[in-house]
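The values are calculated or read from the model by the stated rules, or taken from the named source; none is laboratory data. Here the structure is a predicted model, which means the values were calculated and not measured. Cβ coordinates were reconstructed from backbone atoms using ideal geometry, including for glycine residues, and neighbour counts include every protein chain displayed.
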2 protein chains.
Amino acid sequence: MTTRPPADVGMPVTEIDTPALVVDLDAYERNLDRMAASLAGTRLRLRPHAKTHKSPVVALHQVARGAVGVCCQKVSEAEAMVYGGVRNVLVSNEIVGARKLARLAGLARQAEVGVCVDDPQNVRDLDATARAFGVRLPVLVEVNVGANRCGVEPGEPAVALAGQVAAQPGLRFAGLQAYQGRAQHIQDIEKRREAIDLAIAKVRETVEGLTRAGLPCEVVSGAGTGSYRFEAASGVYTEIQAGSYVFMDVDYKKVEGFPSEFENALFVLATVMSRPTRDRAVVDAGLKAFSVDSGMPAVQGRRDLEVQRASDEHAVLLLRDPDAPVRVGDRLSLIPGHCDPTINLYDWYVGVRGGRVEALWPITARGAVL
Amino acid sequence: MTTRPPADVGMPVTEIDTPALVVDLDAYERNLDRMAASLAGTRLRLRPHAKTHKSPVVALHQVARGAVGVCCQKVSEAEAMVYGGVRNVLVSNEIVGARKLARLAGLARQAEVGVCVDDPQNVRDLDATARAFGVRLPVLVEVNVGANRCGVEPGEPAVALAGQVAAQPGLRFAGLQAYQGRAQHIQDIEKRREAIDLAIAKVRETVEGLTRAGLPCEVVSGAGTGSYRFEAASGVYTEIQAGSYVFMDVDYKKVEGFPSEFENALFVLATVMSRPTRDRAVVDAGLKAFSVDSGMPAVQGRRDLEVQRASDEHAVLLLRDPDAPVRVGDRLSLIPGHCDPTINLYDWYVGVRGGRVEALWPITARGAVL
């Protein structure tokens with residue numbers, strides 16, 4: 001079931017029920033503007049990752065500022081985007097299984113929809129499904145540029161798979177997917193640059209091989225919030241897939257260098273539900289209100305409070321100053337450790353500005369794992 | 001939005017779309033039966049924790065086997081249970097804030113609904129709301145029996161708060177909430193027993209204090225899957241709040257001793273979406289398909305496969321045997337590290353038996369954090 005919204009538009013922020021996923025609309029819009037400004041005047045296209053925000057409302061704000069469309073990880077995310085008005089979606093991921101391939105090809109009749117491959121049999125399955133639906137799918141070959149997740153190895157293996165794609169009547173070889181996900185969170189900027197330099201070299205080698213094979217590589221898509229300026233300056237990447245820049249989180253705020261231009265715009269509003277001892281307070285938000293895969297949330301503006309641990313519906317705060325004014329009923333804004341899986345716990349964004357609730361945005365791709 | 005179900009009733013399990021939250025109905029029913037059998041013939045009441053399963057379908061199976069009702073952590077969970085046919089719900093947690101208190105008192109007009117307290121002002125707020133709704137709420141005083149989360153200290157502080165509750169016309173002092181959550185996952189059975197012995201001593205001291213104060217303590221509620229036999233044998237606990245026993249998970253399966261009678265009945269079915277190298281495979285289930293707060297999932301029946309790491313929509317598997325038959329399109333059953341927050345990611349249980357989908361159960365309290 002879609003859960004009830006924790007607020008009504010127009011109410012003061014002090015009346016938002018908790019836990020709630022709150023967007024500081026001013027900070028959010030500044031983040032959107034900064035990314036747009038940072039790519040303005042270049043040939044680079046911004047294709048923000050919708051796996052972060054899961055909402056066509058946010059996607060359309062990105063498109064309005066120049067984004068070419070979005071990328072998604074799942075067909076069901078892509079459906080939520082297309083049915084929410086986004087006209088161009090890249091599924092930046094491999095799609096396996098007859099049911100999902102049919103949905104992908106069906107969706108490609110309604111909007112521009114691309115997909116990635118790293119396996120010859122998957123290419124054949126994709127081709128057969130595309131032809132059954134009468135579409136010609138743009139396909140990127142995913143290259144492993146150092147993340148060691150999906151993707152064929154750069155150079156010859158990638159060129160061979162691209163050749164196979166280009167030979168299928170239902171498919172169109174469109175370029176390379178080259179995302180170095182593991183580099184995004186390397187805090188040291190020089191080490192991060194080294195990881196991306198390596199990725200760029202792998203992409204360049206592959207593009208040269210494609211050119212020699214007579215396979216023009218129109219698109220090289222990749223990059224994230226932690227590295228996007230490196231790929232943008234590379235001369236080989238054509239699309240930037242950053243996602244977290246819209247909201248940021250504790251983990252990305254630890255990354256040195258340019259991501260610092262983006263502000264924390266996303267918070268889990270929580271209420272102190274217990275103050276049992278002088279050094280301990282408990283809030284009503286736990287593992288079902290924020291994700292802890294990248295560590296505990298921070299408490300905005302409160303260096304005297306530390307989130308020590310979380311259980312299903314509680315987080316225990318350590319009070320560094322036992323005389324700190326923390327009372328039952330007080331409200332605290334938590335900055336999630338990792339924004340993407342935190343957002344996926346909610347059905348609604350509560351957009352606030354000037355102390356008032358201005359918008360409730362449905363998170364229509366919440367739970368869209370299929 | 002409620003997500004589409006990943007299966008249809010009647011289809012073979014090989015056609016379930018992935019990732020899907022799958023219940024082995026035979027194992028699940030054996031778990032229900034074993035817990036019921038283990039408390040049969042005692043004066044103990046089973047009040048299973050619905051925060052685990054989030055579904056009135058499961059709750060009613062528990063009630064059919066003798067459970068007195070369920071407990072919940074949130075008012076919205078309690079609403080889902082009552083509106084799904086459960087007649088007796090304890091909110092085993094403190095509820096703070098006018099909106100939530102109103103919903104709690106309103107719900108108490110429709111079913112037997114109790115709640116916990118650990119704060120004098122909260123007691124006054126609860127009383128005022130109960131009176132406004134014309135109900136008399138049964139209230140448990142939560143005692144800190146060693147988990148150091150919510151709860152007043154045992155003995156005199158608990159007795160004082162109980163006295164305050166008993167003096168409110170809108171409230172009825174019903175007993176103690178005494179859950180030692182941190183003891184549940186102590187793997188060594190003797191250390192676990194020591195932690196629970198300490199909890200039992202704190203409860204006993206408090207019950208004696210209540211008796212001296214003329215405050216009869218009808219209910220002592222607590223215990224979990226890892227410790228329930230200790231509380232059951234204590235002579236002071238009257239209600240068992242175990243939740244995870246219905247499904248189990250990797251973490252609880254590491255706990256020595258009696259929880260081993262319960263079987264893994266819950267799985268995240270995933271598909272191999274990439275097999276890029278001899279020692280690596282990638283499945284289509286990640287941080288949005290299982291929770292990693294208690295560690296990575298295990299692969300059922302496959303000691304040759306280890307889940308190394310997870311990102312939003314991927315898990316990377318290490319193949320201990322590079323010749324292992326793992327191909328793109330293969331399906332694997334992952335046992336979640338922690339069942340409760342994993343279930344909270346899904347809208348549907350896919351119940352399977354004999355290789356066929358037998359039931360789709362809606363997880364109506366998914367996302368119910370308010």
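Considering only segment A:206-215, I want to know if a residue exists there that is closer than 18 Å to A:GLY114 by Cβ, in a loop (DSSP other than H, G, I, E, B) and among the aliphatic types (A, V, I, L, M). Yes, segment A:206-215 has at least one match. Assessment of segment B:160-182 against the conditions (in contact with a Ser or Thr (Cβ under 8 Å, 6 or more places away or on another chain), modelled with pLDDT of 95 or more, more than 26 Å from A:GLY286 (Cβ to Cβ) and not in a loop (DSSP other than H, G, I, E, B)) yields no matching residue.
Condition check ((1) of a type outside the set (Lys, Arg); (2) within 28 Å of the chain's Cα centre (by Cα)) across all residues:
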{"site": "A:VAL292", "(1), (2)": "yes, yes"}
{"site": "A:PRO297", "(1), (2)": "yes, yes"}
{"site": "A:GLN300", "(1), (2)": "yes, yes"}
{"site": "A:LEU317", "(1), (2)": "yes, no"}
{"site": "A:ARG320", "(1), (2)": "no, no"}
{"site": "A:PRO325", "(1), (2)": "yes, no"}
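So, of the residues in segment A:268-279 that are surrounded by fewer than 24 Cβ atoms within 10 Å (Cβ to Cβ) and within 34 Å of the chain's Cα centre (by Cα), which turns out to be farthest from the other protein chains (Cβ to nearest Cβ)? Of everything passing the filter in segment A:268-279, A:VAL272 is farthest from the other protein chains (Cβ to nearest Cβ). Every residue in segment B:279-307 that is of a type in the set (A, V, I, L, M) and not in a loop (DSSP other than H, G, I, E, B), please. Within segment B:279-307, B:ALA281, B:VAL282, B:VAL283, B:ALA298, B:VAL299, B:LEU305, B:VAL307 meet the criteria. For segment B:302-315, filtered to residues that are under 30 Å from A:ALA78 (Cβ atoms) and free of Cβ contacts under 8 Å to residues at least 40 places away in the same chain, the residue that is farthest from the chain's Cα centre (by Cα) is B:LEU305.
Residues in segment B:276-301 that are touching a residue at least 12 places away in the same chain (Cβ under 8 Å) and more than 30 Å from B:ARG182 (Cα to Cα): 7 in all. The set of residues in segment A:262-278 being at pLDDT 95 or above and either under 26 Å from A:ARG356 (Cα atoms) or part of a loop (DSSP other than H, G, I, E, B) (or both) consists of A:PHE262, A:GLU263, A:ASN264, A:ALA265, A:LEU266, A:PHE267, A:VAL268, A:LEU269, A:ALA270, A:THR271, A:VAL272, A:MET273. Considering every residue within segment A:94-110, establish whether at least one is closer than 25 Å to A:LEU44 by Cβ, touching a Leu at 6+ places or on another chain (Cβ under 7 Å) and touching a residue at least 40 places away in the same chain (Cβ under 8 Å). No, the conditions are met nowhere in segment A:94-110.
If you go through segment A:311-352 and keep only what is touching a Pro at 6+ places or on another chain (Cβ under 8 Å) and within 26 Å of B:ARG182 (Cα to Cα), you end up with A:ASP312, A:ALA315, A:LEU334, A:ILE335, A:PRO336, A:GLY337, A:THR342. Of everything in segment B:332-356 that is part of a strand (DSSP E or B) and under 22 Å from the mean Cα position of the chain (by Cα), the residue that is nearest to the other protein chains (Cβ to nearest Cβ) is B:TRP348.
The single condition from (1) farther than 17 Å from B:PRO154 by Cα; (2) surrounded by fewer than 17 Cβ atoms within 10 Å (Cβ to Cβ) that B:THR211 fails is (1). Report yes if A:GLU306 is modelled with pLDDT of 95 or more, closer than 29 Å to B:ASP284 by Cα and among the acidic types (Asp, Glu), otherwise no. It is false that A:GLU306 is modelled with pLDDT of 95 or more, closer than 29 Å to B:ASP284 by Cα and among the acidic types (Asp, Glu).
Checking each residue in segment B:130-147 for being more than 13 Å from chain A (Cβ to nearest Cβ) and either at positive phi or under 22 Å from the mean Cα position of the chain (by Cα) (or both) picks out B:GLY134, B:PRO138, B:VAL139, B:LEU140. On inspection, A:ARG193 does not qualify as more than 24 Å from the chain's Cα centre (by Cα) and surrounded by fewer than 23 Cβ atoms within 10 Å (Cβ to Cβ).
Across segment A:174-190, the qualifying residues are those that are within 18 Å of A:ALA233 (Cβ to Cβ) and among the small types (Gly, Ala, Ser), and the one among them that is surrounded by the fewest Cβ atoms within 10 Å (Cβ to Cβ) is A:ALA183. Looking at segment A:21-129, the strands (runs of 3 or more DSSP E) lying wholly inside it that each contain 3 or more residues that are away from chain B (no Cβ under 14 Å) and surrounded by 17 or more Cβ atoms within 10 Å (Cβ to Cβ) sit at A:88-94.
Among the residues of segment A:166-184, is there at least one that is in contact with a helix residue (DSSP H, G or I) (Cβ under 6 Å, 6 or more places away or on another chain) and at positive phi? The answer is no; no qualifying residue exists. Residues that are in contact with a Leu (Cβ under 6 Å, 6 or more places away or on another chain) and either closer than 20 Å to A:ILE363 by Cβ or within 14 Å of chain B (Cβ to nearest Cβ) (or both) within segment A:289-306 comprise A:ASP293, A:PRO297, listed in sequence order.
The number of residues in segment A:8-20 that are surrounded by 15 or more Cβ atoms within 10 Å (Cβ to Cβ) and more than 10 Å from every other protein chain (Cβ to nearest Cβ) comes to 1. Any chance segment B:223-246 includes a residue that's surrounded by fewer than 20 Cβ atoms within 10 Å (Cβ to Cβ), assigned to a loop (DSSP other than H, G, I, E, B) and touching a Phe, Trp or Tyr at 6+ places or on another chain (Cβ under 9 Å)? So far as segment B:223-246 goes, no, none of its residues is surrounded by fewer than 20 Cβ atoms within 10 Å (Cβ to Cβ), assigned to a loop (DSSP other than H, G, I, E, B) and touching a Phe, Trp or Tyr at 6+ places or on another chain (Cβ under 9 Å).
B:LEU171 fulfils the conditions (1) in contact with a Gly (Cβ under 7 Å, 6 or more places away or on another chain); (2) more than 28 Å from A:LEU319 (Cβ to Cβ); (3) buried (at least 19 other Cβ atoms within 10 Å of the Cβ) except for a single criterion, (1).
Does at least one position in segment A:324-331 carry a residue that is of a type in the set (A, V, I, L, M), outside any helix (DSSP H, G or I) and within 14 Å of chain B (Cβ to nearest Cβ)? Yes, that holds for at least one residue. All conditions in (1) crowded, with 24+ Cβ neighbours inside 10 Å; (2) out of contact with any Asp or Glu (no Cβ under 6 Å at 6 or more places or on another chain); (3) within 11 Å of chain A (Cβ to nearest Cβ) hold for B:VAL316, with the sole exception of (1). In this structure, does B:GLY286 turn out to be crowded, with 23+ Cβ neighbours inside 10 Å, more than 8 Å from chain A (Cβ to nearest Cβ) and at pLDDT 95 or above? Yes.
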